[in-house]
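Chemist: After the structure tokens below, expect a handful of questions from me.
The values are calculated or read from the model by the stated rules, or taken from the named source; none is laboratory data. These numbers were taken from a predicted model, which means no experiment stands behind them. Positions of Cβ are generated from backbone atoms using ideal geometry, with glycine treated the same way; all protein chains shown enter the neighbour counts.
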Amino acid sequence: MKKEKIVVTAGTFDILHPGHYHILKYAKSLGDKLIVIVARDETVKKLKGRKPIIPEEQRRLMVEALKPVDKAILGSLNNKLEPILNIKPDVIVLGPDQQTFDTDQLKEELKRYNLDVDIVKCEEYVKCPFHSSYHIVKEIIERWKRGEFKD
């Protein structure tokens, strides 16, 4: 029986947009099962200097509802590698905007735990009017100021 090829990707997924779907679809194409690690609220606050708009469990639920995703879990508050060590994926997919990762260093770190994982960077960045949570929020604020929203 053939072993299932497990792919993992991770992110904040604060306000879902086409860029999120693109990376998830790409990641799923690299294996049989896609598991997504959704960043915890506290982690986002540390990395981005602000807490996410959408709470972590709601973000996890929405990501898991997307067609390419087999399972979505919350990241660890203690050790960013903890979910990876538990899942033992064959492939880790990094998004085009995830520059904070040194792929060689990550690969070496995982080898210390006896994990030989392919690390793939999704290079293609989806360009559309609302390709980031930032641009979506900015548009909402501008429309709010113009009085386009009513209670």
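Chemist: Give the residues of the stretch 73-85 that are outside any helix (DSSP H, G or I) and aliphatic (A, V, I, L, M), sorted by residue number. Walk me through it before giving the result.
Modeler: Residues of the stretch 73-85 outside any helix (DSSP H, G or I): 73-81.
Answer for the stretch 73-85, where residues must be outside any helix (DSSP H, G or I) and aliphatic (A, V, I, L, M): Ile73, Leu74, Leu77, Leu81.
Chemist: Give me the residue from the stretch 68-93 that is under 15 Å from the mean Cα position of the chain (by Cα) and basic (Lys, Arg) and, out of that set, farthest from Leu115 (Cα to Cα).
Modeler: The residue in question is Lys71.
Chemist: Looking at (1) out of contact with any helix residue (DSSP H, G or I) (no Cβ under 9 Å at 6 or more places or on another chain); (2) farther than 17 Å from Leu24 by Cα, find the lone condition where Glu123 falls short.
Modeler: (2)
Chemist: With the stretch 1-72 as the region, which helices (runs of 4 or more DSSP H) entirely inside it contain at least 1 residues that are modelled with pLDDT under 95?
Modeler: Qualifying helices (runs of 4 or more DSSP H): 18-29, 41-48.
Chemist: Is it the case, given these coordinates, that Pro89 is crowded, with 21+ Cβ neighbours inside 10 Å, in a loop (DSSP other than H, G, I, E, B), in contact (Cβ under 8 Å) with a residue 12 or more places away in the chain and of a type outside the set (A, V, I, L, M)? Before the answer, list the steps.
Modeler: Working: crowded, with 21+ Cβ neighbours inside 10 Å: yes; in a loop (DSSP other than H, G, I, E, B): yes; in contact (Cβ under 8 Å) with a residue 12 or more places away in the chain: yes; of a type outside the set (A, V, I, L, M): yes.
Answer is yes for this residue.
Chemist: Scan the stretch 109-125 and report the pairs whose first residue is surrounded by fewer than 13 Cβ atoms within 10 Å (Cβ to Cβ) and whose second residue is among the acidic types (Asp, Glu), with Cβ atoms within less than 9 Å and a gap of 6+ or a chain change.
Modeler: Sorted first by the residue in the stretch 109-125, then by its partner, the pairs are Asp116/Asp90.
Chemist: Scan Glu4, Glu42 and give me the residue that is loosely packed, with under 15 Cβ neighbours inside 10 Å, out of contact with any strand residue (DSSP E or B) (no Cβ under 9 Å at 6 or more places or on another chain) and touching a residue at least 24 places away in the same chain (Cβ under 8 Å).
Modeler: Numbers: Glu4 fails: out of contact with any strand residue (DSSP E or B) (no Cβ under 9 Å at 6 or more places or on another chain).
None of the other options fit; the residue is Glu42.
Chemist: If you don't mind, another one. Please identify the pairs in which a residue from the stretch 8-36 that is surrounded by fewer than 21 Cβ atoms within 10 Å (Cβ to Cβ) has its Cβ atom under 6 Å from the Cβ atom of a residue that is among the hydroxyl-bearing types (Ser, Thr, Tyr), counting only partners at least 6 apart or on another chain.
Modeler: From residues that are surrounded by fewer than 21 Cβ atoms within 10 Å (Cβ to Cβ), the pairs are Ile15/Ser133.
Chemist: Hey, another quick one. Within the stretch 126-147, take every residue that is in contact (Cβ under 8 Å) with a residue 60 or more places away in the chain and in a loop (DSSP other than H, G, I, E, B) and give me the one that is surrounded by the fewest Cβ atoms within 10 Å (Cβ to Cβ).
Modeler: Cys128
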